[in-house]
Each structure stands twice: as C-alpha cells, then as structure tokens.
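Trainee: Encoded as structure tokens, here's the structure I'll be asking about.
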Amino acid sequence: MGAGHAHRLYRAGDSPVHALPPHTKLAAVFCFVIVVVSTPREAMWAFALYAVLLGAVAYAARVPAGYLLKRLLIEIPFVAFAVLMPFVAEGERVQVLGLSLSESGLWGAWNVLAKGTLGVAASVLLASTTELRALLLGLQRLKLPPLLVQIASFMIRYGDVITDEMRRMRIARESRGFEASGVRHWGVLAKSAGALFIRSYERGERVHLAMVSRGYAGTMPVIDDVAASRAQWSSALALPVAALVVCLLGWTL
C-alpha cells in the first residue's frame, strides 16, 4: 500500500508549477473554475483571455500543446451534447448555413463548450503537474472530510489491482478458446463481472482486517504535510485573480 501510484496524466518535470504545493494548486484551479462559470456567456472575448491564461500556465509548466489537446478528448461526450442543443432547444429560430437552429440553443451550446473546455483544461494541467499522492495530501491540507480522502485514496491504490485482475481473467478466458463475438457470449461476460465483484469484495474485507489488526481506527496518518509560503500562495493564486479581473470586466463592459 505504500508504493507510489503514478497516473497517465502526470508529466514529470521541474517547472515552477510542479514545485508549487498541491493544496495551493487545488485551490487555484477550484477558484479559476468558479470564476469561469460565473462569467456571462455573451462575453466571448473573456473566454479567449481565459484560454490565454491557461496557455501561459502550460508554458510555465512546460506542458506541450499537443499533450494538452490530446487529453482534452475526454470532453467529447459534452461536445456531442452541445452540438445537439441548437437542434432540440425551443425558442426563436435563426438560419445558419441553411439550418434552422434555436438561438437559445446556440448560446447554450457555446456556454457548455467554452466553460467545459476551460474547466477540463485547467484540471488536465493540474493532473499533469501533480502526482496523485500529492493531490491526496493537498486535499487533506485543505481540510476535506477525511473519509472522502480515504475513499479516494483506496480507489486510486486498488484501481490498478482490479484492472490487473480483469486482465488475468481475460487471459484465462482466451486461453480456453473463448472470444466474445456476439450477444450469445454476454452471459459469460456477465458471470465474469460477477466473479470480479466477489473477488474485489473479498479482497477489500481482507485488506480491512489487515488494517484493523495493525491499529487502524478510522483515520490515516498524514505524511509529508508541507505548508506553503506566502510567495507560493501568491504564485498559485495569480491565475484565479487574473481571471477574476477578466470576469468583472465581462460583467461591466
């Protein structure tokens, strides 16, 4: 349980962004997302400035644009939802390239795309510059309920274990000549899913008993609890503060 758990989004580096304490980056991203969501959708120029701010952070963190754009593909379901909005929303209709689209639906689609993309980009930058273990320590430092932090910790630690168990079960099926090729094989896959659930549940019970036998009483010890200096807080909060200025201008102009 004490082994490190790197994730695919993390990009090792020694940039100033990597060096910031995790709780300062968590607070900065949270505040930035709140400011972006609070921006009026009509202020299109404001969202362009937000993108420039994130680009500056990515440059400081030495995260390539291609690396960031590739990981933005996770928002494709939201893009599909946004594309449908102008067609299904009610209200006044406008003609765009020969298509009758809802004006309110167009604004709604823009709102989802702009704010969703910026939020995902900020989250990807956070994950690219912060290890998972550091994120958990940052959540503890920010006084998130300990139970939620523990649940997240166990999910991260045993996600790879469950994935490896699935891989072994797949290899066992294939070694016996099984290959899922249609609906008639769904029963086998369902039984495999049930067996995986039982194995995971039993493994969780064994882990819990092992922890209790070693003195676990509902809380985990905090290791490497590093405080942030005023300069580090200032560096981390520069992003949301600049975004707040843009947001206020968006409401007043």
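Trainee: Does the stretch 7-58 hold any residues that are of a type in the set (Phe, Trp, Tyr) and either modelled with pLDDT under 95 or over 29 Å from ILE156 (Cα atoms) (or both), and which are they?
Mentor: Within the stretch 7-58, the subset of a type in the set (Phe, Trp, Tyr) is 10, 30, 32, 45, 47, 50.
Within the stretch 7-58, TYR10, TRP45, PHE47, TYR50 meet the criteria.
Trainee: Would you mind stating whether ILE171 is aliphatic (A, V, I, L, M), open to solvent by 60 Å² or more (accessible area, probe 1.4 Å) and more than 30 Å from the chain's Cα centre (by Cα)?
Mentor: yes
Trainee: Of all residues in the stretch 120-178, count the ones that are β-branched (Val, Ile, Thr) and under 20 Å from VAL29 (Cα atoms).
Mentor: If we filter the stretch 120-178 for residues that are β-branched (Val, Ile, Thr), which is where we start, we get 120, 124, 129-130, 149, 151, 156, 161-163, 171.
Add one more test, that the residue is under 20 Å from VAL29 (Cα atoms), and what stays is 120, 124, 129-130, 149.
The qualifying residues number 5.
Trainee: A further question follows. Quick check: anything in the stretch 122-132 over 26 Å from LYS70 (Cα atoms) and open to solvent by less than 80 Å² (accessible area, probe 1.4 Å)?
Mentor: To start, the set of residues in the stretch 122-132 that are over 26 Å from LYS70 (Cα atoms) comprises none.
No, every residue in the stretch 122-132 fails to be over 26 Å from LYS70 (Cα atoms) and open to solvent by less than 80 Å² (accessible area, probe 1.4 Å).
Trainee: From the list ALA236, ALA217, ALA228, ALA242, which residue is closer than 25 Å to PRO22 by Cβ, among the small types (Gly, Ala, Ser) and not in a helix (DSSP H, G or I)?
Mentor: Only one candidate passes the filter, namely ALA228.
The values are calculated or read from the model by the stated rules, or taken from the named source; none is laboratory data. From a predicted model like this one, the values you see are computed outputs, not experimental measurements. Quick reminder, even Gly has a Cβ in these numbers, built from the backbone with ideal geometry, and neighbours come from all protein chains shown. Ligands, DNA and RNA are excluded from the accessible area calculation, which covers all protein heavy atoms including side chains. Shrake-Rupley method; radii C 1.70, N 1.55, O 1.52, S 1.80 Å.
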